[in-house]
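Colleague: Would you mind keeping the following structure in view while I ask a few things?
Bear in mind that the values in this text are calculations on the coordinates, not laboratory data. This structure is a prediction, so every number in the text was calculated from the model and none was measured. Glycine also receives a Cβ, built like all others from the backbone with ideal geometry; neighbour counts cover every protein chain displayed.
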Amino acid sequence: MEKVIYVDNNATTRVADEVKEAMLPFLTELYGNPSSMHTFGGQVAKYIRDARENVAQLLGARPEEIVFTSCGTESDNAAIMGILRANRGKRHIVTSRVEHPAVRSLCKYLENEGYSVTEVAVDREGLLDMQMLEDSITDNTAVVSIMYANNETGVIFPVEEIAGLCKSKGVVFHTDAVQAVGKVPIDLSRSNIDLLSLSGHKLHAPKGVGALYIRRGTSISPCLIGGHQERGRRGGTENVASIVGLGTAADLAKRNMNVENTRVKRLRDKLEKEILAKTPDSFLNGKKDQRLPNTSNISFEYVEGEAILLMLDSLGICASSGSACTSGSLEPSHVMRAMGIPFTAAHGSTRFSLSIYNTEEEIDYIIGRVPKVIKRLREISPFNKKDSFTSDFGVGLGGHPRSH
Ligand SMILES: Cc1ncc(COP(=O)(O)O)c(C=O)c1O
């Protein structure tokens with residue numbers, strides 16, 4: 001296969017070599033069950049303790065506040081369902097219009113089950129309507145769940161402010177920090193956040209492992225009922241190799257935080273600036289100075305996102321789009337729609353998400369190709385005339401929004 005330039009790190013990341021090395025013994029000789037009485041199994045428990053310590057350190061949490069799960073989706077479900085089960089008298093959830101389906105679809109499901117759900121709006125820059133959020137919280141609200149950073153635009157929400165607000169109103173606050181952990185510093189020791197979800201495969205650990213932070217003293221029902229693992233909060237024999245991998249990834253992320261916020265950010269800024277300067281009718285989606293350091297979401301007017309991705313793919317560039325194709329129809333993502341991005345632009349929104357493994361040469365290569373790709377697509381597109389587009393989001397309904 002030709003060299004791949006991977007700028008789709010919000011979808012998933014490459015497993016770090018250090019992570020793979022740390023995991024290997026647990027896929028080969030160290031296969032014991034950490035709950036076993038014998039030394040062979042019992043020795044494995046120490047490595048789980050170390051991993052828990054590493055994840056806790058990355059977040060400024062206590063080790064006993066970390067519960068290992070199978071993914072970000074499980075962490076989100078465990079948090080929200082666990083709070084609802086522990087507070088049966090309260091039937092209202094506050095969330096946002098731009099959450100990942102791991103929260104959004106769950107809330108829609110709960111709505112069908114009789115809960116009431118308020119989805120807080122965002123503005124054109126993807127910023128949360130804080131007044132609406134505050135006004136939404138009532139005596140019946142069991143949990144507020146607002147993401148730390150948006151997966152499509154990288155926009156960071158004021159979660160500390162929201163956590164403080166929730167605390168003052170006596171409501172539990174959960175944040176889906178799947179895209180933020182490892183990219184921006186988080187210190188839960190000086191925070192009012194009650195629950196926080198993360199996912200290993202977004203920070204160079206393997207897919208299929210995540211964690212949920214549960215602040216000490218939070219009243220929550222277990223997510224998987226079974227054995228005594230994870231202090232009874234999640235039964236089931238531990239995914240030892242992946243947990244060890246997540247621990248190593250957390251340690252690496254802590255050490256690379258500075259690189260993420262200097263070199264990666266510089267490369268992202270360069271990519272974005274050059275592409276916007278060289279491509280007419282293009283603009284940035286999301287508040288420029290309130291974003292993750294690795295994410296850039298750019299709209300190219302009058303072109304289809306899927307066509308952009310296919311052409312970039314043929315050049316070895318892996319990016320992501322704000323619209324998705326099902327049976328030939330295209331629909332902008334719920335995030336672009338919530339932000340009120342016009343159909344002509346939401347349709348062609350493209351996300352570039354970098355990691356510490358991207359190089360200057362790769363970024364230069366992308367900068368050299370993207371403006372040409374857009375120019376070419378506009379020449380051949382049936383939508384190249386501005387008036388052939390409609391601003392009605394109803395056009396092309398039937399697609400599915402991107403979900404990572
Ligand atoms: C913001 C956000 N939340 C949750 C998830 C789900 O994580 P996982 O794939 O580990 O279930 C994702 C994955 O893309 C995400 O971006």
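Colleague: Placing +1 on the Cβ of each Lys and Arg and -1 on the Cβ of each Asp and Glu in the chain, which of Pro158, Ser189, Ser242 has its Cα farthest towards the positive end of the resulting dipole?
Modeller: Ser189
Colleague: Continuing with this model, one more query. What are the chymotrypsin sites (Phe, Trp or Tyr not before Pro) within the stretch 20-113 that DSSP puts in a loop, where the Cβ has at most 13 other Cβ atoms within 10 Å?
Modeller: For chymotrypsin sites (Phe, Trp or Tyr not before Pro) across the stretch 20-113 that sit outside H, G, I, E and B with at most 13 neighbouring Cβ atoms in 10 Å, the list reads Tyr31.
Colleague: Determine, from the Cβ-Cβ distance of Glu379 and Arg124 and an R0 of 22 Å, the FRET efficiency 1/(1 + (r/R0)^6), rounded to the nearest 0.05.
Modeller: Given R0 = 22 Å and the Cβ-Cβ separation, E is 0.15.
Colleague: Let me ask something additional. Please list, in chain and number order, the residues 5+ apart from Val209 or on another chain whose amide H is under 5 Å from its amide H, with Hs placed from the backbone.
Modeller: Answer set, sorted by chain and number: Gly200, His201.
Colleague: Each residue of the stretch 219-235 in turn: what ³J(HN,Hα) in whole Hz from Karplus with 6.51, -1.76, 1.60 and θ = phi - 60°, glycine and Pro shown as x?
Modeller: 8, 8, 7, x, 8, 10, 9, x, x, 8, 4, 6, 6, x, 8, 8, x
Colleague: Projecting each Cα onto the charge dipole of the stretch 251-360 (Lys/Arg +1, Asp/Glu -1 at the beta carbon, about the Cα centre), which of Met257, Thr279, Val303 comes out farthest on the positive side?
Modeller: Met257
Colleague: With a ≥ b ≥ c taken as the square roots of the eigenvalues of the C-alpha gyration tensor of the chain, please select rounded if a/c is under 1.5 and otherwise prolate if a/b is larger than b/c or oblate if it is not?
Modeller: Here the chain falls in the oblate category.
Colleague: Let me ask you something else. Treating cross-link reach as a plain straight distance, find the lysines whose alpha-carbon is under 20 Å from the alpha-carbon of Lys108, omitting any fewer than eight places away in the same chain.
Modeller: Lys90
Colleague: Quickly estimate the mean residue ellipticity at 222 nm for the chain, helices only: each DSSP H run with n ≥ 4 gives -39500 (n - 2.57), and the total goes over all residues, rounded to 500.
Modeller: -11500 deg cm²/dmol
Colleague: Of the listed pairs Lys202/Lys278; Lys265/Lys287; Lys183/Lys270; Lys207/Lys270, which have alpha-carbon separations greater than 22 Å here?
Modeller: Long pairs (Cα-Cα over 22 Å): Lys202/Lys278; Lys207/Lys270.
Colleague: Moving to a separate point now. From the backbone phi of the stretch 171-186, what are the Karplus-calculated ³J(HN,Hα) couplings (6.51 cos²θ - 1.76 cosθ + 1.60, θ = phi - 60°) in whole Hz, Gly and Pro given as x?
Modeller: Computed from phi, the couplings for the stretch 171-186 are 10, 6, 10, 10, 10, 7, 9, 4, 8, 8, 5, x, 9, 10, x, 10 Hz.
Colleague: Further, regarding this structure: About the Cα centre of the chain, how large is the charge dipole given +1 on each Lys and Arg Cβ and -1 on each Asp and Glu Cβ? Please answer in debye to the nearest 20.
Modeller: Here the chain has a charge dipole of around 360 debye.
Colleague: Now for a different question. So if R0 is 30 Å, what FRET efficiency would Asp289 and Lys254 give, r being the distance between their Cβ atoms, rounded to the nearest 0.05?
Modeller: FRET efficiency, Asp289 to Lys254: 0.80.
Colleague: For Ile193, which sequence-distant residues (separation of 5 or more, or a different chain) have an amide H within less than 5 Å of its own amide H, given hydrogens modelled in the peptide plane?
Modeller: none
Colleague: Which net charge results for the neighbourhood of Pro280, defined as the other residues with beta-carbon distances under 10 angstrom from its beta-carbon, given Lys and Arg at +1 and Asp and Glu at -1?
Modeller: Around Pro280, the surrounding residues sum to +1.
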